[in-house]
Amino acid sequence: KHIVSFYTDGLVKSPGDIFRLKRKRADLMEREGWGESSVGNLLSAIEARRTIPLDRFIYALGIRQVGEATAKLLARHYHTLEDWRAAMLAASKDREGAEYLDLINIDQIGESVAGDILDFFAEKHNRTVLDDLADELTVEEVKAPRASNSPVAGKTVVFTGALERMTRDEAKAQAERHGAKVSGSVSKKTDLVVAGPGAGSKLKTATELGIQVMTEDEWIALVGA
């Protein structure tokens, strides 16, 4: 209700304007039903949200198909707003280039989701809103897992086929704890493929590209689980 009235009266015209309301304290005080206490509470609540985790920032942009889970995947993969923005701009300009392939190789992000993300970045208005918000906020960096001593730290891993000693989600979480990135498809950027029974095209691609392939038991022995 308040946002609608602020917008109608010209106090807020874009998301970034919410964080500039403190400059219009006098105008807020003159509004019916608003006093020193209510204005102070509003501005304090806004200031308390001026620092935000990267995944919540991405989710709040309202990109189609990018819910909380997908926003977390993007944040964990790119770590900073600057890196994510740069990668998305590059991918939106070349949808066959390395940055696009890197995006669709993120586990659980396919061409449909990637398309909606890149369509968002293709719109100048959306980029303006994003940059305006970034100027007003502190978007927290996602720290990479501290697993520098792990043999898979920094490597891109693909799980394919049936896993018998853990679920796919457990395997993914285990890999991320050890500092690895989990991808949903095999490419030249893949470092390791863990193949279980029934592995098909991904295993074939890995073999053709000369990527290291191991069994689930070998993976568990490698990470010391």
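The values are calculated or read from the model by the stated rules, or taken from the named source; none is laboratory data. It should be emphasised that the depicted structure is a prediction, and the values quoted were computed from it without experimental measurement. Neighbour counts are summed over all protein chains in view; Cβ atoms, including those assigned to glycine, are modelled from backbone coordinates with ideal geometry. Keep in mind that these areas ignore ligands, DNA and RNA; they rest on the heavy atoms of the full protein, side chains included. Shrake-Rupley method; radii C 1.70, N 1.55, O 1.52, S 1.80 Å.
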Residue-wise HN-Hα coupling along region 9-25, computed from phi with Karplus coefficients 6.51, -1.76, 1.60 (Hz; x: Gly, Pro): 8, x, 6, 10, 10, 8, x, x, 5, 4, 7, 10, 4, 4, 6, 10, 4
Semi-axes of the chain's equivalent ellipsoid from the Cα gyration tensor, sqrt of 5 times each eigenvalue, largest first, rounded to whole Å? 44, 19, 13
Charge-dipole axis of the chain as Lys and Arg at +1 and Asp and Glu at -1 on Cβ define it, positive-most pick from A114, S183, V142: V142
Can you compute the FRET efficiency between S37 and K189 using 1/(1 + (r/R0)^6), with r the Cβ-Cβ distance and R0 = 45 Å? Round to the nearest 0.05. 0.20
Normalised by the residues of region 3-91, what does the relative contact order come to in percent, with Cα pairs under 8 Å and at least six apart? 16
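So in the chain, what percent of DSSP beta bridges are antiparallel if you round to the nearest 5?
Antiparallel: roughly 5 percent of the beta bridges in the chain.
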Which translational diffusion coefficient, to the nearest whole µm²/s, is obtained for region 9-80 from the Stokes-Einstein equation, given a Kirkwood hydrodynamic radius over C-alpha pairs, 25 °C and 0.890 mPa s? 173
Separation of alpha-carbon centers, region 66-100 and region 167-225, rounded to whole Å: 22
For D132 and E96, compute 0.36 nm times the residue count separating them, minus their Cα-Cα distance, and round to one decimal in nm. 10.1 nm
By accessible area (1.4 Å), largest first, T156, T167 order as T167, T156
Using the Cα centre of the chain as the reference point, and only Cβ charges (+1 on K/R, -1 on D/E), how large is the resulting charge dipole? Debye, rounded to the nearest 20. 200
Residue by residue through region 114-123, what is 3J(HN,Hα) from phi via Karplus (6.51 cos²θ - 1.76 cosθ + 1.60, θ = phi - 60°)? Round to whole Hz and write x for glycine and proline. 4, x, 5, 5, 6, 5, 4, 6, 6, 8
Work out the length of the dipole vector of region 11-70 about its Cα centre, built from +1 on the beta-carbon of each Lys and Arg and -1 on the beta-carbon of each Asp and Glu, and round it to the nearest 20 debye. 220
Taking θ as phi - 60°, what are the ³J(HN,Hα) couplings along region 208-217 by the Karplus curve (6.51, -1.76, 1.60), each to the nearest whole Hz, with x for Gly and Pro? 5, 8, x, 7, 4, 10, 9, 7, 4, 5
Check which residues have an amide H placed less than 5 Å from L192's amide H, if you skip close sequence neighbours. T156, V158
Nearest 10 degrees, 0 to 90: what angle lies between the long axis of helix 68-78 and the longest principal axis of the chain (Cα atoms)? 70
Name the residue, out of R76, R177, R25, whose mean-square fluctuation peaks in a Gaussian network model built on the chain with Cα pairs under 10 Å. R25
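Taking 35 Å as R0, compute the FRET efficiency from the Cβ-Cβ separation of E141 and D217 and round it to 0.05. Could you put the intermediate results ahead of the total?
Numbers: r = 36 Å, r/R0 = 1.03.
Calculated transfer efficiency: 0.45.
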Charge dipole (debye, nearest 20) of region 49-103; +1 at Cβ of Lys and Arg, -1 at Cβ of Asp and Glu: 360
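Would you mind calculating the relative contact order of the chain from Cα pairs under 8 angstrom and at least 6 residues apart, reporting the percent as a whole number?
16 percent.
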Accessible area per residue for region 1-78 in Å², computed with a 1.4 Å probe and the full protein assembly in place, what is it? 61
When the helices in the chain are scored as -39500 (n - 2.57) per DSSP H run of 4 or longer and the sum is shared across all residues, what 222 nm value do you end up with, to the nearest 500 deg cm²/dmol? -15000 deg cm²/dmol
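Report in % the part of the accessible area of region 111-225 that belongs to carbon and sulfur, leaving out ligands and nucleic acids; probe 1.4 Å. Before the final figure, lay out the partial values.
On the way: 2970 of 6380 Å².
Carbon and sulfur: 47 percent of the exposed surface of region 111-225.
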Region 47-148: radius of gyration and largest Cα-Cα distance (Dmax), Å: 13.2, 41
